[in-house]
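What follows is a short report on a single structure.
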Amino acid sequence: MHRVEALVFDMDGTMVDSMPWHRQAWVEFARRRELAVDVPDLMRRTTGRTAFECACELMGRTVSEAEAAQITHEKETIYRELFGAEFREVRGFRRFAHDAASRGLKIAVGTAGDRHNIAFAMDKL
């Protein structure tokens, strides 16, 4: 039998209750860009995917790395602005993580989120 020494958590939806705010950020992004976007469908197709993949899905074509970076920066900035004032962890996560750490378990984050969102979430947690 192997002894568990570490836990790896996904960030969005597991550590932080962020998915409604990602959805709202896409709505606001589309509004600002005057894009017609079926946000529930976009969320279904992009949740858990990389920023580049999300940008391609949004635009309906393969985008350049530079265009993907611009789309990601704009959308994720909107996300942090919206979620910042309402930030909340997934109920019970902080307690669970604290209890795990007090038992000597290492804790890591595995996420497709961008580095700014990771820093944002870790700062808030």
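The values are calculated or read from the model by the stated rules, or taken from the named source; none is laboratory data. The model shown is predicted, which means the values in this text are computed figures rather than measured ones. Don't worry about glycine lacking a Cβ; one is built from the backbone with ideal geometry, like all the others, and counts go over all protein chains shown. Surface areas here come from the heavy atoms of the whole protein model, side chains and all, with no ligands, DNA or RNA. Shrake-Rupley method; radii C 1.70, N 1.55, O 1.52, S 1.80 Å.
Does residue 113 satisfy the criteria of being under 15 Å from residue 13 (Cβ atoms), open to solvent by 60 Å² or more (accessible area, probe 1.4 Å) and part of a loop (DSSP other than H, G, I, E, B)? Don't jump to the end; show me each part of the working.
Values: under 15 Å from residue 13 (Cβ atoms): yes; open to solvent by 60 Å² or more (accessible area, probe 1.4 Å): no; part of a loop (DSSP other than H, G, I, E, B): yes.
Criteria not met by residue 113.
Would you confirm, using the coordinates I've provided, whether residue 123 is in a helix (DSSP H, G or I), more than 12 Å from the chain's Cα centre (by Cα) and within 21 Å of residue 20 (Cβ to Cβ)? Walk me through how you get there before you give the answer.
Numbers: in a helix (DSSP H, G or I): yes; more than 12 Å from the chain's Cα centre (by Cα): yes; within 21 Å of residue 20 (Cβ to Cβ): yes.
So residue 123 passes the test.
Let me confirm something: among 100, 121, which residue is more than 13 Å from residue 12 (Cβ to Cβ), out of contact with any helix residue (DSSP H, G or I) (no Cβ under 8 Å at 6 or more places or on another chain), in contact (Cβ under 8 Å) with a residue 40 or more places away in the chain and surrounded by 14 or more Cβ atoms within 10 Å (Cβ to Cβ)? Please lay out each step first, then the result.
Numbers: 121 fails: more than 13 Å from residue 12 (Cβ to Cβ).
When all the criteria are applied, what remains is 100.
Within the stretch 48-58, track down each residue that is buried (at least 18 other Cβ atoms within 10 Å of the Cβ) and in contact (Cβ under 8 Å) with a residue 40 or more places away in the chain.
51
Between a residue in the stretch 28-44 that is within 12 Å of residue 59 (Cα to Cα) and any residue that is β-branched (Val, Ile, Thr) and open to solvent by 40 Å² or more (accessible area, probe 1.4 Å), which pairs come within a Cβ distance under 7 Å, given they are 6 or more apart or on different chains?
Note: pairs meeting the criteria are 30/37.
Considering only the stretch 73-96, I want to know if a residue exists there that is under 18 Å from residue 125 (Cα atoms), within 11 Å of the chain's Cα centre (by Cα) and among the small types (Gly, Ala, Ser).
Checked against the condition, which is being under 18 Å from residue 125 (Cα atoms), within 11 Å of the chain's Cα centre (by Cα) and among the small types (Gly, Ala, Ser), the stretch 73-96 yields no hits at all.
Condition first: more than 26 Å from residue 119 (Cα to Cα) and either of a type in the set (Val, Ile, Thr) or open to solvent by 60 Å² or more (accessible area, probe 1.4 Å) (or both). Now tell me which residues in the stretch 1-41 satisfy that.
Within the stretch 1-41, the subset more than 26 Å from residue 119 (Cα to Cα) is 1-4, 31, 33-38, 40-41.
Within the stretch 1-41, 1, 2, 3, 4, 31, 33, 34, 35, 36, 37, 38, 40 meet the criteria.
Restricting the search to the stretch 59-96, which residues are open to solvent by less than 30 Å² (accessible area, probe 1.4 Å), touching a residue at least 12 places away in the same chain (Cβ under 8 Å) and not aromatic (Phe, Trp, Tyr)? Before you say what the answer is, go through the steps one by one.
Going through the stretch 59-96, the residues open to solvent by less than 30 Å² (accessible area, probe 1.4 Å) turn out to be 63, 68, 71-72, 75-76, 78-79, 83-84, 93.
Adding the requirement that they be touching a residue at least 12 places away in the same chain (Cβ under 8 Å) leaves 68, 71-72, 75-76, 78-79, 83-84, 93.
Those that are open to solvent by less than 30 Å² (accessible area, probe 1.4 Å), touching a residue at least 12 places away in the same chain (Cβ under 8 Å) and not aromatic (Phe, Trp, Tyr): 68, 71, 72, 75, 76, 78, 84.
Looking only at the stretch 1-29, which residues are over 22 Å from residue 65 (Cβ atoms) and in a helix (DSSP H, G or I)? Outline the logic, then answer.
First, pick out the residues of the stretch 1-29 that are over 22 Å from residue 65 (Cβ atoms): 1-21, 23-24, 27-28.
Scanning the stretch 1-29 gives 19, 20, 21, 23, 24, 27, 28.
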